[in-house]
Every structure is written in C-alpha cells, then in structure tokens.
1. From the phi angles alone, apply the Karplus equation (6.51, -1.76, 1.60; θ = phi - 60°) to the range 126-136 and give each ³J(HN,Hα) in whole Hz, x where the residue is Gly or Pro.
2. What does the charge add up to near Ile179, with Lys and Arg as +1, Asp and Glu as -1, over the other residues with Cβ less than 13 Å from its Cβ?
3. Percentage of Cα-Cα pair distances in the range 111-194 greater than 20 Å, rounded to whole percent?
4. Go through the range 173-188 residue by residue and turn each phi into a ³J(HN,Hα) via Karplus (6.51, -1.76, 1.60, θ = phi - 60°); whole Hz please, and just put x for glycine and proline.
5. Using Cα pairs closer than 8 Å and at least 6 residues apart in sequence, work out the relative contact order for the range 60-194, in percent.
6. May I ask you to give the solvent-accessible area per residue for the range 66-194, in square angstrom, as obtained with a 1.4 angstrom probe?
7. Counting only protein heavy atoms and a 1.4 Å probe, tell me what percentage of the range 83-163's accessible area is made up of carbon and sulfur.
8. Got a sec to turn the phi values of the range 74-85 into Karplus ³J(HN,Hα) couplings, 6.51 cos²θ - 1.76 cosθ + 1.60 with θ = phi - 60°, whole Hz, x for Gly and Pro?
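The values are calculated or read from the model by the stated rules, or taken from the named source; none is laboratory data. Here the structure is a predicted model, which means the values were calculated and not measured. Cβ sites come from the backbone with ideal geometry, for glycine too, and all protein chains shown count toward neighbours. Accessible surface is based on the protein model in full, side chains and every heavy atom, while ligands, DNA and RNA are left aside. Shrake-Rupley method; radii C 1.70, N 1.55, O 1.52, S 1.80 Å.
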Amino acid sequence: MRELVIILADFFLREAEGDSPQARAALTRARFGPARSVRGGWRDWLARRERREDLGLADPAAVVAAAVAISFAIAILPFIGLTTLLCLVAGRLFHLNQVVMQIINHTAFPLQVLLIVPFVRIGETIAGARHFSLKPSAIIEEFNRSVPDFMAKFWLTGLHGLIGWALTVPLACWLLHLILRRTFRRLTPKPPAP
C-alpha cells in the first residue's frame with residue numbers, strides 16, 4: 001500500500017507542479033516522511049551547547065574544579081605523547097578552560113612518568129599476566145632499534161597500564177573534583193548583597 005501511495009504522490013506532484021524545488025521537497029516528504037536530523041543519540045548530545053549543565057557545572061568553581069580533575073586524569077594516562085591532544089579534545093568537548101587544562105597536563109608530566117610502572121603492575125596483576133621487565137635502558141634500546149617491533153612487544157604492556165589507570169584514576173579524580181570544588185567555592189568572593 002505504501003508503495004502505491006508513493007507512486008501516486010510522485011505522479012501527481014510531478015504533473016501538478018512540474019520539477020520545481022518545492023515539488024521535489026514534497027515528493028521527498030511523501031517518500032521518506034518528514035525531515036529528520038542527521039544526528040542522533042550521542043551526536044545530538046555532542047552538538048548541544050548545554051554540556052556544562054548536563055555535568056552539573058553551572059558555577060565557576062565547579063567548572064575550574066572539573067577542568068583540573070579531568071586534565072589531571074588525562075595527564076597521568078600511561079601513554080606519553082597523547083595527553084596534550086586528549087586534554088585539548090576534552091576541553092573543547094566540555095567547554096572547559098584550556099589554559100588550566102594544559103598547565104595541569106604539563107605540570108603532571110613527572111608524575112605520569114613515575115606512575116607508568118605502578119599502573120602496568122596493577123594491570124598485570126588484574127589480568128594474571130607475568131611481570132614484564134620495564135628497565136628504561138632496555139625500553140629505549142628496543143624503541144631505537146625498531147618502532148614496529150617495539151609496538152609488537154609492548155602493546156600488551158600498554159594495555160595493562162591502561163587497565164591499571166582505569167581502575168585507579170576515575171575514583172581518585174572524582175574525589176579530587178569534590179575537594180577542589182569545595183575549596184574553589186570557599187575561595188571565590190561572594191557577590192555583594194543589594
């Protein structure tokens with residue numbers, strides 16, 4: 001039945017109005033229904049401008065606390081070289097202060113290097129894998145010898161580091177956000193009463 005309606009609508013619209021843009025639009029509506037947004041689900045959410053309110057970040061103290069906590073979580077990710085780009089993407093996505101995020105990201109670099117081994121060990125323990133030797137001289141030598149061989153040898157170690165990071169950092173950064181939000185609210189001057 002639907003096909004018959006489409007065929008009849010196509011015939012009568014072409015006969016009545018010719019090949020005008022309005023006729024083509026009406027024909028398209030008859031064939032496919034009303035126009036819908038191309039975006040859907042998560043794409044709609046990404047396109048919205050109210051992401052701060054979605055995250056409960058209406059006041060400035062919460063926004064700065066979120067920028068610090070999110071950038072710190074990203075900054076100690078056990079993959080050197082990705083954190084600047086990931087902080088940039090997260091800041092753009094949630095409309096957070098890029099300067100604060102990049103300062104925290106670059107300030108936390110020594111901590112990132114120190115936490116790679118503990119993250120890898122936690123991930124190895126969770127996965128039940130044997131401990132891999134993480135001597136810096138051996139890692140640098142392997143990397144300088146051949147990057148593809150380095151990736152083939154150390155990809156599982158990177159996955160273990162990501163598992164260790166994913167198990168420890170979200171809770172720690174959520175607590176950091178709560179503490180910083182309270183601290184920043186106390187430090188923010190109150191507006192004078194009218």
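1. Taking θ as phi minus 60°, the curve returns 5, 7, x, 8, 6, 6, 8, 5, 10, 6, x Hz for the range 126-136.
2. Local net charge: +4.
3. Numbers: 1821 of 3486 pairs.
Of the Cα pairs, 52 percent sit more than 20 Å apart.
4. 6, 5, 5, 4, 4, 4, 5, 5, 4, 5, 5, 5, 5, 5, 7, 6
5. On the way: 146 pairs, mean separation 46.9, N = 135.
Computed value for the range 60-194: 35 percent relative contact order.
6. Here the residues of the range 66-194 average 64 Å² of exposed surface.
7. The value for the range 83-163 is 73 percent carbon and sulfur by accessible area.
8. Each residue's phi maps through the Karplus curve to give 6, 5, 9, 4, x, 10, 5, x, 9, 5, 5, 5 Hz.
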